[in-house]
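The values are calculated or read from the model by the stated rules, or taken from the named source; none is laboratory data. Bear in mind the structure is a predicted one, so any value in this text is a computation, not a measurement. No Cβ is skipped: glycine too gets one built from the backbone with ideal geometry, and neighbour counts run over all protein chains shown.
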Amino acid sequence: MIKLENIDKVYRTARVETLALHNINLDVPSGEFVSVMGPSGCGKSTLLNLIGLLDRPTAGTLAIDGQNVETSERKLARVRNEKLGFVFQTFHLVPDLKVIDNVEIPLLYRKMSGAQRRKLAAAALDRVGLSSRMQHFPTQLSGGQQQRVAIARAIVGKPRILLADEPTGNLDSAMGDEIMDILHELNREEKTTIVMVTHDDRFARRTDRIVRLFDGRRVA
Amino acid sequence: MRNYLTLALKVLTRRKFFTFISLFGVSVTLLVLMVFTAIADNVFSPRAPESRFDRVLCAYAVGWYGDGGTSHSGWPSYAFLDKYVRTLPGAEKVAVFTTPEGTAIYKDGRRTDAILRTTDGEYWRILDFRFLEGRALTNADDTQGAYVAVITDKLREQLFGGKVKAEGQTISIDGRPFRVVGVVKRVPAMRLAGYADVWVPLRTLAPSGFETEMLNGHYQGIVLAKSRADFPRLRREFATRIAAIKPIDPRFTTVKSSLDTTFQFFARMFAPGNQYDPNRVLFTASFFSILALLFMALPALNLVIIGLSRILERSSEIGVRKAFGAPRGALIRQFVLENLVLTFLGALIGFVLSGIVLAILNGTVPIVNGGLDLNVRIFFYAMLIAAFFGVVSGLYPAWRMSRLHPVAALRGGVL
Ligand SMILES: Nc1ncnc2c1ncn2[C@@H]1O[C@H](COP(=O)(O)OP(=O)(O)OP(=O)(O)O)[C@@H](O)[C@H]1O
Ligand SMILES: [Mg+2]
């Protein structure tokens with residue numbers, strides 16, 4: 001489902017060059033739940049951004065769903081829209097939009113009717129147990145609820161792959177457990193492939209496999 | 001679309017201070033533009049008593065041109081209009097009348113100043129005055145030199161006070177007694193052919209020069225065509241006639257005159273240089289368009305700056321939309337649309353305010369005679385201006401937003 005070969009990522013700023021990732025090889029089969037661990041600054045987010053097609057590797061090849069992705073910005077946006085879902089550490093909900101409108105965002109970039117969008121968004125919210133909060137604004141929800149809205153938004157377009165960068169990083173452990181339960185349920189029931197960055201051993205141990213990075217290199 | 005609109009309104013209500021500043025700038029700018037648009041519309045579009053002017057051509061000027069740039073131009077004479085305009089084949093009606101001139105009217109020894117025109121009978125068949133009393137002047141009045149007059153309700157008030165009937169009363173104009181035969185609703189000064197306070201037949205008070213051979217005088221001529229489609233033919237015929245005129249004055253080699261719409265006449269008078277340059281209408285139209293654009297530039301810049309300052313505050317949203325596959329075009333459309341919502345709101349406020357300003361102008365500037373108003377056409381122009389303004393000022397910030405790198409945007413918006 002996800003295949004990385006000899007991936008390098010170099011950040012070039014005016015003075016310094018940072019080798020954020022070096023010679024990364026990774027193969028995630030369909031339906032696997034992988035967690036990525038490592039110390040701060042080792043390149044976890046960089047790796048996830050590359051898989052999420054939000055950034056491009058400096059060298060190496062990356063394939064999503066058997067397709068090499070080295071295309072135009074436009075086509076990358078298409079692939080992100082159809083095949084990928086994102087969950088962020090800081091939720092990134094749009095504060096000016098109601099919960100239901102936040103969840104609809106990925107569908108805005110697909111051809112479908114407003115009613116159809118609404119139906120899918122309501123179903124996604126139902127999936128994370130927040131049907132009753134559709135008309136609320138994000139700030140009226142707890143952190144755990146906000147992250148559940150973010151998950152609903154990530155899965156509303158039924159992507160094959162879910163990418164989560166420290167989804168529990170801003171939550172207390174009870175809320176974190178709640179989020180992990182939802183992710184496992186999605187992985188089990190929808191066969192969604194999940195790559196999750198986490199600092200929490202407890203959560204990482206529950207996943208199928210742990211990928212460890214150190215200083216931009218894969219160590220396990 | 002609904003999602004974008006609710007978001008746009010939401011963003012506006014959340015950022016009250018920015019919204020207030022932007023709306024203020026937009027509505028004041030559009031207010032001024034709308035007042036000018038309304039005045040222009042009131043001057044140049046056919047309105048009573050010039051309702052038929054969509055098919056009227058005006059002969060308001062005759063010019064003389066000589067070698068070395070000498071020129072001279074002015075209102076036409078009676079003789080000129082009588083000979084070259086009144087006899088134009090294919091015209092439905094032609095009227096000849098004097099330019100508006102100040103005169104003193106005496107009633108019971110009391111003096112009232114008023115604007116006077118002398119007209120033929122056709123004048124009253126081309127213009128559609130609203131009669132409150134009596135009748136119009138006729139061709140018979142003119143040929144007989146009958147001492148009869150039509151006055152406005154405003155002059156009636158000044159002369160007789162209150163709502164007294166004026167028809168049949170006698171007033172003294174230029175020391176001669178005239179019987180009032182009709183009263184019409186007052187006319188705004190913007191009507192170049194219709195404006196006056198009192199009208200009498202040409203032959204009663206024709207100013208000196210009535211019978212001369214000179215080409216310049218103090219007359220205006222209007223030609224009512226059967227339809228606008230006849231304009232080119234009438235103009236061609238007129239041009240042929242003018243080209244055949246031999247100037248009497250040796251300093252000049254050619255005589256120029258043309259049949260114009262009201263706007264074309266205005267454009268001809270407006271700019272310096274050769275009034276008969278064929279590009280003058282274009283020149284005047286571009287001049288005012290550029291003036292309007294310059295006037296919009298500052299508030300537009302203000303909107304651009306506010307738009308740019310919002311990029312940082314919305315970078316998370318931009319990052320999310322990009323991550324979930326928003327193409328650049330969709331983002332640009334979204335942010336331009338938001339800007340349009342703002343400018344349309346501003347335009348609505350500006351439109352209401354301009355209605356108030358026009359009402360004040362109507363009440364305080366006597367010469368306007370209550371002739372300034374708003375209509376659907378002006379509203380349409382206003383919305384057009386607002387749309388243009390909104391797109392122009394929204395495009396650059398929107399383009400910048402759409403260019404953000406998704407990772408940078410999610411991290412907190414590095415431009
Ligand atoms: N845009 C950038 N420009 C320059 N250097 C960058 C950029 N983004 C990341 N880096 C560098 O690349 C390295 C890896 O960063 P990354 O964000 O992937 O680490 P991380 O493992 O996610 O860390 P954390 O656990 O703190 O989130 C770091 O040294 C970081 O400073
Ligand atoms: Mg990170």
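What the table shows:
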quantity: Residue count for the stretch B:142-172, restricted to those that are under 23 Å from B:Ala95 (Cα atoms), of a type in the set (A, V, I, L, M) and over 32 Å from the mean Cα position of the chain (by Cα); calculated: 2
quantity: Residues located in the stretch A:19-56, provided they are in contact with a strand residue (DSSP E or B) (Cβ under 8 Å, 6 or more places away or on another chain) and within 12 Å of ligand 2 (Cβ to nearest atom); calculated: A:Ala20, A:Val36, A:Met37, A:Gly38, A:Pro39, A:Cys42, A:Gly43, A:Lys44, A:Ser45, A:Thr46, A:Leu47, A:Leu48
quantity: Subset of the stretch A:63-89 [more than 8 Å from chain B (Cβ to nearest Cβ) and within 16 Å of ligand 1 (Cβ to nearest atom)]; calculated: A:Val87, A:Gln89
quantity: Contacts under 8 angstrom Cβ, first residue in the stretch A:7-27 being among the aliphatic types (A, V, I, L, M), partner more than 16 Å from ligand 2 (Cβ to nearest atom) and in a loop (DSSP other than H, G, I, E, B), 6 or more apart; calculated: A:Ile7/A:Pro57; A:Val10/A:Thr58; A:Leu21/A:Pro57
quantity: Filter result for B:Ala271 (assigned by TED's automatic domain parsing to the domain that holds B:Ile385 and surrounded by 14 or more Cβ atoms within 10 Å (Cβ to Cβ)); calculated: no
quantity: Filtered residues of the stretch B:225-250 (kept if in contact (Cβ under 8 Å) with a residue 12 or more places away in the chain and over 20 Å from B:Glu50 (Cβ atoms)); calculated: B:Arg233, B:Glu237, B:Phe238, B:Ala239, B:Arg241, B:Ile242, B:Ile245, B:Pro247, B:Ile248, B:Asp249
quantity: Count of residues meeting criterion [more than 15 Å from the chain's Cα centre (by Cα), within 15 Å of ligand 1 (Cβ to nearest atom) and of a type outside the set (S, T, N, Q)] in the stretch A:167-207; calculated: 5
quantity: Contacts under 8 angstrom Cβ, first residue in the stretch B:392-412 being among the aromatic types (Phe, Trp, Tyr), partner away from ligand 1 (no atom under 12 Å from the Cβ), 6 or more apart; calculated: B:Tyr396/B:Val304; B:Tyr396/B:Gly307; B:Tyr396/B:Leu308; B:Trp399/B:Ile332
quantity: Check on A:Leu47, without any contact (Cβ under 8 Å) to a residue 12 or more places away in the chain, within 13 Å of chain B (Cβ to nearest Cβ) and closer than 30 Å to A:Gly144 by Cβ; calculated: no
quantity: Condition check for B:Gly109: over 30 Å from B:Ala271 (Cβ atoms), modelled with pLDDT under 95 and in contact with a helix residue (DSSP H, G or I) (Cβ under 6 Å, 6 or more places away or on another chain); calculated: no
quantity: Residue list for the stretch A:169-220, restricted to those being assigned to a loop (DSSP other than H, G, I, E, B) and among the β-branched types (Val, Ile, Thr); calculated: A:Thr192, A:Thr198, A:Thr207, A:Val219
quantity: Tally of residues being among the β-branched types (Val, Ile, Thr) and farther than 18 Å from B:Asp113 by Cα across the stretch B:149-183; calculated: 2
quantity: Qualifying residues in the stretch B:121-135 (those that are acidic (Asp, Glu) and over 14 Å from B:Val181 (Cβ atoms)) - the one surrounded by the fewest Cβ atoms within 10 Å (Cβ to Cβ); calculated: B:Asp128
quantity: Some residue of the stretch B:355-364 being over 18 Å from B:Val32 (Cβ atoms) and assigned by TED's automatic domain parsing to the domain that holds B:Ser316; calculated: yes
quantity: Count of residues meeting criterion [near ligand 1 (Cβ under 8 Å from one of its atoms) and either small (Gly, Ala, Ser) or surrounded by 21 or more Cβ atoms within 10 Å (Cβ to Cβ) (or both)] in the stretch A:10-20; calculated: 1
quantity: Which listed residue, of B:Arg314, B:Arg310, is of a type outside the set (A, V, I, L, M, F, W, C), in the same structural domain as B:Thr19 (by TED's automatic domain parsing) and modelled with pLDDT under 85; calculated: B:Arg310
quantity: Spans of strands (runs of 3 or more DSSP E) in the stretch B:27-143 with at least 1 residues under 30 Å from B:Gly168 (Cβ atoms); calculated: B:91-98, B:101-107, B:110-119, B:131-134
quantity: The lone exception for A:Gly144 - which of (1) away from every other protein chain (no Cβ under 13 Å); (2) more than 16 Å from ligand 1 (Cβ to nearest atom); (3) part of a loop (DSSP other than H, G, I, E, B); (4) not aliphatic (A, V, I, L, M) it fails; calculated: (3)
quantity: Qualifying residue in the stretch A:182-191 (condition: closer than 20 Å to A:Asn49 by Cα, out of contact with any helix residue (DSSP H, G or I) (no Cβ under 7 Å at 6 or more places or on another chain), more than 16 Å from ligand 2 (Cβ to nearest atom) and in contact (Cβ under 8 Å) with a residue 12 or more places away in the chain); calculated: yes
quantity: Sole exception among (1) within 16 Å of ligand 2 (Cβ to nearest atom); (2) within 23 Å of B:Ala38 (Cα to Cα) for B:Arg411, by number; calculated: (2)
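Per-residue answers, yes or no, for (1) at pLDDT below 90; (2) crowded, with 22+ Cβ neighbours inside 10 Å:
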| residue | (1), (2) |
| --- | --- |
| B:Phe178 | no, yes |
| B:Leu192 | no, no |
| B:Glu211 | yes, no |
| B:Ile222 | no, yes |
| B:Asp230 | no, no |
| B:Ile242 | no, no |
| B:Thr261 | no, no |
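Conditions tested, residue by residue: (1) touching a helix residue (DSSP H, G or I) at 6+ places or on another chain (Cβ under 7 Å); (2) surrounded by fewer than 20 Cβ atoms within 10 Å (Cβ to Cβ); (3) part of a helix (DSSP H, G or I); (4) within 14 Å of chain A (Cβ to nearest Cβ).
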site	(1), (2), (3), (4)
B:Gly325	yes, no, no, yes
B:Gly329	no, yes, yes, yes
B:Ala359	no, yes, yes, no
B:Asn362	yes, yes, yes, no
B:Gly371	yes, no, no, no
B:Phe388	no, yes, yes, no
B:Pro397	yes, no, yes, no
B:Arg400	yes, yes, yes, no
